[in-house]
Amino acid sequence: MLIGLAFAQGSKLPNIALIPFTGDEHISKEQLDFITGRFAAELVQTKAFNVLERSRMEFILKEQGFQESGVCNSAECHVHVGQLLGVDNMVAGSIVQFGPTFMMRLDYLDVGTGAILNSVDLQMEGELHEVVDFLCQHGSASLAEKVMGTKDAKPIISKPASIPTEIKLPQSSHLSWKRKIALGIVGIAGLEVLGGVSHDDDISKNEINYRAAWADGNYSAAVTAYDNVKHAESKRNEDYYAALGTALVGMVLWFWPEGGSK
């Protein structure tokens, strides 16, 4: 399940383009291309920007005859590209490795002047494939928070379709053994729903711990809280889906023909 941010949309969203990420010798071009695409997707999820699609960006630059033999990492290049694309602002990102730690730098640039309006710095220990999701998700969220000036953005956690805790069954003056079993199965589904609700409480507590750790710059604690949220979400979803399946089995058994017996 994915974690995103909701922001108040009081004004027109800025049109932005994402400059391909740069990196050091520890990160290949293919990895940088993947990180660029992953980060662009997370920027869209924040709902704080209108992000120019990468294919559209490449098409416009080609049509405008833009030629750049090296990496576009200077202020002049950023301004030139932004003006060609017709966007309000540019986002430039870089990721480098220091020992066991990967560090990501994000700059939010003014197309008119090339000035850096906002910056975000993140770091996390681990292998690149282990940290890339965290850096992209929280980097995009932090950048959107700074640009939009929103300090109380809260994660939105999508849940599976709601499962009824009460099921109205046809009244009967006499319940057969089959329908008694069906009622027992539906009761088990209700217990599974309660299990999912308890995991919801765990999610809320760990979200609070995550935001507190993130605000204090305690990235290690933030990662732990983030992992706890993901684990609780997984267990919550398992309980809800199990409850749905169990309830369906009970209802099928309830309405299954009795073979003419009363």
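Close amide-amide hydrogen proximity is noted between Gly23 and Ile95, each under 5 Å apart and 5 or more residues distant or on a separate chain (H modeled in the peptide plane; Pro and chain starts excluded). Projecting the Cα atoms of Met251, Ser234, Leu194 onto the charge dipole of region 177-255, computed from C-beta unit charges around the Cα centre, puts Met251 farthest toward the positive end.
Evaluating 6.51 cos²θ - 1.76 cosθ + 1.60 at θ = phi - 60° for every residue in region 214-222, the Karplus couplings come out as 5, 5, 7, x, 8, 5, 4, 5, 5 Hz, glycine and proline recorded as x. Relative contact order of region 3-148, please, whole-number percent, based on alpha carbon pairs below 8 angstrom and at least 6 residues apart. Relative contact order for region 3-148 comes out at 27 percent.
When each of the peptides 52-59, 240-247 is scored by how many other beta carbons lie within 10 Å of its residues on average, the order from highest to lowest is 240-247, 52-59.
Rounded, prolate or oblate: which fits region 3-148 when a ≥ b ≥ c are the square roots of the eigenvalues of the alpha-carbon gyration tensor, with rounded for a/c under 1.5 and prolate only if a/b beats b/c?
Verdict is oblate for region 3-148.
Legend: distances between Cα atoms for Lys12/Lys146; Lys47/Lys230; Lys146/Lys205; Lys47/Lys146; pairs beyond 18 Å are Lys47/Lys230; Lys146/Lys205. Phi angles across region 74-86 convert, under the Karplus curve 6.51 cos²θ - 1.76 cosθ + 1.60 with θ = phi - 60°, into 3J(HN,Hα) values of 9, 4, 5, 5, 4, 4, 4, 5, x, 5, 5, 7, x Hz, Gly and Pro given as x. If you plug each phi of region 94-108 into the Karplus form 6.51 cos²θ - 1.76 cosθ + 1.60 with θ = phi - 60°, what whole-Hz ³J(HN,Hα) values come out, in order, with x for Gly and Pro? Karplus values, whole Hz, x for Gly and Pro: 9, 9, 9, 10, 10, x, x, 10, 9, 10, 10, 10, 10, 10, 9.
Read the figures in this text as sums done on the coordinates, not as results from a lab. A quick note: this is a predicted structure, and the numbers were derived from the prediction, not measured. All Cβ positions, glycine included, derive from the backbone under ideal geometry; neighbour counts span all protein chains shown.
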